[in-house]
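Working notes, beginning with the structure itself.
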Amino acid sequence: MKRFGFYLVFLLITAATASGQKRNLLQKAADEAELSKSLARGSEWVHFPAYSERQEWSKISDELQRSIIKAGEEALKFRWPVIKATDYLEFNRSGNREVMQRPQRERNQALTALTLAELVEGKGRFIDGIIDGVWAVCEQASWVYSAHLYIQTKSAGLPDGDDIVIDLGAGEIGAMLAWVHHYFSAEFDKINPLIAKTLRRTINERILEPYYKRSFWWMGLDGRSVNNWNPWINHNVLQCILLMETDSAKRVENIRRAIFSIDAFINAYPDDGGCDEGPSYWGHAGGRLFECLDLLYRASGGKIDIFDNKLIKNIGKYICGAYIGDLWFVNFADAGAKTDINAGVVFRYGKAIGDLDMQSLASYYIKRKKASPTPSGLLHNALHEIFDNKELAESLAVEPREPLILESWLPDLQFVAARDKANSRKGFFFAAKGGHNNESHNHNDVGSCILFYDCKPILIDVGVGAYTRQTFSSERYSIWTMQSGYHNLPVINGIDQKNGSKFRARDVVFKSNKNNVEFSVDISGAYPSNAGVKSWIRAYNLKRGNSFTISDRYELVENRGGSSLNFMTACKVSVDKLGILVLEGDGFKAELSYDSSKIKVRTENIKLEDNNLKRSWGEDITRIIMDLHDKKLTDVNKIQIRIKN
């Protein structure tokens, strides 16, 4: 169990450290003396109306009020099921984390719905339901997800009351309860003072004291690498400190501690702002960083302000650079091609750094999704949706517009995305990457690409299925979606790429002009020595308005056979004639041409069983396997894709 826990930590916490600069932006923006003067002493930083400010709550639209109250009435029926010991144990037994996470999520949603309904209605009708929710959550053995109990130093599988740790789940619940206390502690005291007292004690024991006294890996205070856990949890802990801590000295000391921790995350970010976890996780990486910075800005009366910093701007702009169109995103790593974004965060981030593309994307997303008027997420997210995003939701802030950027090149991340024409969905769009095979939420995909036409998929990155114990264990790369042979990459002498930091891209080159975009990378270093490859230059060329070409120039140490070029597609694949495949997509047919004297083609139909994958690609996808049947040690192969008229 200890070996498994170590591997899981190692896999999860590896982050992009291309920079590693000790920028310490927040520490420079607020030393201890400045923080002591500027930090809010109480809750004056909260810009949402108090429970007693009924006139402000009445300004919410009638439709939204009805929707919130209806959700609260449904939550009154909730029975607060116990999360059993065997629910926690199920993760170790079968790898299933949902058995434990589902009831915790349902409890959180119910308590949020009840709280919002009472805030909107203000008649006391939902108070008892809120009390039941608070009591049930406080009685829960632990708020830590079963999949994250490995953080405990002495044992795992079940929560250890002598070893209190903080993970994503604990942070979310702590912040939610802190807001419940902020709004209703006075109401609770009218009924029984033990309610608010229990709430305060539990938040102190589960969040504040462990944060003050311990150094968890995700904090980065001892030099360990960090990932999205850092801003995600820090944002929630910051809310707990600001809403619950009444000791001024502790308040300053531990906001300062959070600043050091968040700086560890910023320091690890590459200068280009690229997120190696992909757009799906940007919301919990760059997006959560923004929420931390926004919270510190508000709590310091605007004194802590680093939004003009170039890196902070680049981190925000990444989400637009990874946007394909029609709500598709580039989905390298554990990212979904059809991913949801927190439009409110994207909008507010864009507003803070003065980026119109981000604001327009958020506005477009809201308009396209036509989401339910009921706010989503936990309490602080819902409050932001209600009060901060009113302008956005009504599409009054900026014109709803897709950021169809001509090209994006991130040299630190070794990521390129380019399209035929700026501000147009028409034509080809491709993205490709270099990097290494120990990136956060890594897939063995050095040198892989995706290709779309008119914002419809041709060559795809399959993505990731629902998380299980296997996903974050030594068995990760036995999952087919993680393997290079199921990306748009070669198998060399029967060997796939290998996971690990040393398996990386070399000699990455990017060139661009108005007619052509070229990206090339030597991917040989991503394969182990038994692949017998000296160099393998994978190159992509987008000839704007014409074609997309993939070329492989290689030199092998030996040729044992078993080499192939592999491509994943959501298109229907058929043979036109020898040397030409037809890829039929949504409203187009593409011709994929190859040298049939060197290549023999076979296909593998893959039925998708995972709902996450089906959400993007439907019921099945096709793997195109191009076997290289010559015995040369050096050669060049070219694959060209054009649209069939």
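The values are calculated or read from the model by the stated rules, or taken from the named source; none is laboratory data. Worth saying up front: this structure is predicted, and the values here are computed from it rather than measured. Cβ: placed from backbone, ideal geometry, glycine included. Neighbour counts: every protein chain shown. Keep in mind that these areas ignore ligands, DNA and RNA; they rest on the heavy atoms of the full protein, side chains included. Shrake-Rupley method; radii C 1.70, N 1.55, O 1.52, S 1.80 Å.
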When only residues in segment 399-426 that are over 23 Å from the mean Cα position of the chain (by Cα) and among the aliphatic types (A, V, I, L, M) count, which is least open to solvent (accessible area, probe 1.4 Å)? A422
Within segment 507-523, residues being among the β-branched types (V, I, T) and in a loop (DSSP other than H, G, I, E, B) number 1
When you scan segment 54-131 for helices (runs of 4 or more DSSP H) that lie fully inside it, which ones turn up with 2 or more residues that are open to solvent by 50 Å² or more (accessible area, probe 1.4 Å) and under 13 Å from Y145 (Cα atoms)? 85-94, 98-121
Which residue, of Y540, Y486, is at pLDDT 95 or above, among the aromatic types (F, W, Y) and touching a Lys or Arg at 6+ places or on another chain (Cβ under 7 Å)? Y486
For the condition of a type in the set (D, E, K, R), within 26 Å of the chain's Cα centre (by Cα) and open to solvent by 10 Å² or more (accessible area, probe 1.4 Å), what is the one hit in E172, E209? E172
Within segment 581-603, restricting attention to residues that are open to solvent by 60 Å² or more (accessible area, probe 1.4 Å) and within 34 Å of the chain's Cα centre (by Cα), which residue is nearest to I641 (Cα to Cα)? K589
Give the number of residues within segment 482-497 that are closer than 7 Å to N566 by Cβ and hydrophobic (A, V, I, L, M, F, W, C). 2
Could you go through segment 619-638 and let me know if any residue there is of a type in the set (A, V, I, L, M), modelled with pLDDT of 95 or more, in a loop (DSSP other than H, G, I, E, B) and under 26 Å from V533 (Cα atoms). yes
Among helices (runs of 4 or more DSSP H) completely within segment 255-322, the ones holding 2 or more residues that are within 15 Å of the chain's Cα centre (by Cα), of a type in the set (F, W, Y) and under 26 Å from F429 (Cα atoms) are 279-282
Counting only residues that are among the basic types (K, R) and over 20 Å from D276 (Cα atoms), which one in segment 454-493 is nearest to the chain's Cα centre (by Cα)? R469
Members of segment 175-206 found to be in contact with a helix residue (DSSP H, G or I) (Cβ under 8 Å, 6 or more places away or on another chain) and open to solvent by 30 Å² or more (accessible area, probe 1.4 Å), listed by number: H182, E187, D189, I191, R200, N204, R206
Result of the Cβ filter at 7 Å on segment 624-642, keeping first residues that are more than 30 Å from G545 (Cα to Cα) and partners that are assigned to a strand (DSSP E or B) and of a type in the set (D, E), at least 6 apart or interchain, is L633/E555; T634/E555
Which one is farthest from L177 (Cα to Cα), of the residues in segment 370-386 that are open to solvent by 60 Å² or more (accessible area, probe 1.4 Å) and out of contact with any helix residue (DSSP H, G or I) (no Cβ under 6 Å at 6 or more places or on another chain)? K370
Determine if segment 587-608 includes at least one residue that is under 24 Å from S524 (Cα atoms), among the polar types (S, T, N, Q) and modelled with pLDDT of 95 or more. no
Out of all the residues in segment 214-231, is one or more over 29 Å from the mean Cα position of the chain (by Cα), hydroxyl-bearing (S, T, Y) and surrounded by fewer than 24 Cβ atoms within 10 Å (Cβ to Cβ)? no
Checking A333 against (1) modelled with pLDDT under 95; (2) within 28 Å of H487 (Cβ to Cβ); (3) open to solvent by 60 Å² or more (accessible area, probe 1.4 Å), only one condition comes out false. Which one? (3)
Does R602 meet the test of being in contact with a Pro (Cβ under 9 Å, 6 or more places away or on another chain) and not in a loop (DSSP other than H, G, I, E, B)? no
Could you list, in sequence order, the residues of segment 31-44 that are assigned to a loop (DSSP other than H, G, I, E, B) and either of a type in the set (V, I, T) or open to solvent by 20 Å² or more (accessible area, probe 1.4 Å) (or both)? D31, R41, G42, S43, E44
Just give me the residues in segment 541-580 being of a type in the set (G, A, S) and either open to solvent by less than 20 Å² (accessible area, probe 1.4 Å) or not in a strand (DSSP E or B) (or both), in sequence order. G545, S547, G561, G562, S563, S564, A570, G579
Counting only residues in segment 336-369 that are among the polar types (S, T, N, Q) and closer than 18 Å to E399 by Cβ, the one surrounded by the fewest Cβ atoms within 10 Å (Cβ to Cβ) is identified as S360
Take the conditions more than 11 Å from I458 (Cβ to Cβ), not in a strand (DSSP E or B) and not β-branched (V, I, T) and apply them to S596. Does it pass? yes
